[in-house]
Amino acid sequence: GKDNRLPYFLANVGHESGGCTITHENLNYSTAARLCAVWPSRFPTEASAQPYVNNPEALANNVYAGRMGNTQPGDGYLYRGRGYIQLTGRDAYAAVGQAAGLDLVNNPDLAAAPENALRVACGFWAWKGLNPICDTGDFNGVVKRINGGLNGLDDRLQWLDKARKVLAGQSVRDPNAKSTIQAVQQALNSRGYTEVGTADGIWGNNSQKGADRFRKDNNLSGVGSKVDAVLLTALGL
């Protein structure tokens, strides 16, 4: 129902902006190999990618040319990803600018200005028609509409978990905090995963073994990783 709208919005904004810390797409790549990995169809060889290493303007004008409404030379860089939800392409700047009441086509930097960031993200949400999808409970459908695939789904789901807890008035635990690790160790011990040993707040091999056995017993993702939102939720923390 409608109660999905805000958590879905916060989860995707959190992912796209690194927790509202990133407002410009980083197109400055230091190696040709990384460019080939990110854009395999554009750069089939490292030699083809080499001219774009540490050259964000040329890169944007190459990879974004002739699509997403970009028609003029230089549009790719001019309309590169900005804002909390990474607006990209002339079409997006025009439509979202209209929805947000901002002339983003002629002033694209307005999309990344802190005072406009939320308005632009809401304008994007309206432009993409995302609320009706939220109301059906299809989180993956929302993600696909935002970026055409399921990029970063695990991270988005962790943000969704945080958003729901905050909106419910629950505190969100820092998975790396000593107090969180102690709580996890105690919870695992109390459930019979005694290989964890003393709840000392230090995440070592024994804690990892206990957590992974608990994950496998409960069909949880994240085997081999440290404390994460899925583990905390499963342990009722």
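If the condition is being part of a helix (DSSP H, G or I) and out of contact with any helix residue (DSSP H, G or I) (no Cβ under 8 Å at 6 or more places or on another chain), then region 118-146 contributes Leu118, Pro132, Lys144. Identify all residues within region 171-199 that are hydroxyl-bearing (Ser, Thr, Tyr) and surrounded by 15 or more Cβ atoms within 10 Å (Cβ to Cβ); write none if there are none. Hits for region 171-199 are Thr180, Tyr193. Assessment of region 41-64 against the conditions (touching a residue at least 40 places away in the same chain (Cβ under 8 Å), open to solvent by less than 80 Å² (accessible area, probe 1.4 Å) and touching an Asp or Glu at 6+ places or on another chain (Cβ under 9 Å)) yields no matching residue. Selection of region 147-159 for residues being part of a helix (DSSP H, G or I) and open to solvent by 20 Å² or more (accessible area, probe 1.4 Å) yields Asn147, Leu153, Asp154, Asp155, Leu157, Gln158, Trp159. Each residue in region 200-227 was checked for being open to solvent by 20 Å² or more (accessible area, probe 1.4 Å) and either hydrophobic (A, V, I, L, M, F, W, C) or outside any helix (DSSP H, G or I) (or both), and 13 of them qualify. Of all residues in region 85-99, those that are open to solvent by 10 Å² or more (accessible area, probe 1.4 Å), in contact with a helix residue (DSSP H, G or I) (Cβ under 7 Å, 6 or more places away or on another chain) and under 16 Å from Arg145 (Cα atoms) total 2.
The values are calculated or read from the model by the stated rules, or taken from the named source; none is laboratory data. Since the structure is predicted, the reported quantities are computational estimates derived from the model, not experimental observations. A quick note on method: Cβ atoms are made from the backbone with ideal geometry, for glycine too, and the neighbour counts reach across all protein chains shown. Quick note on the areas: whole protein, heavy atoms, side chains included, nothing else; ligands and nucleic acids left out. Shrake-Rupley method; radii C 1.70, N 1.55, O 1.52, S 1.80 Å.
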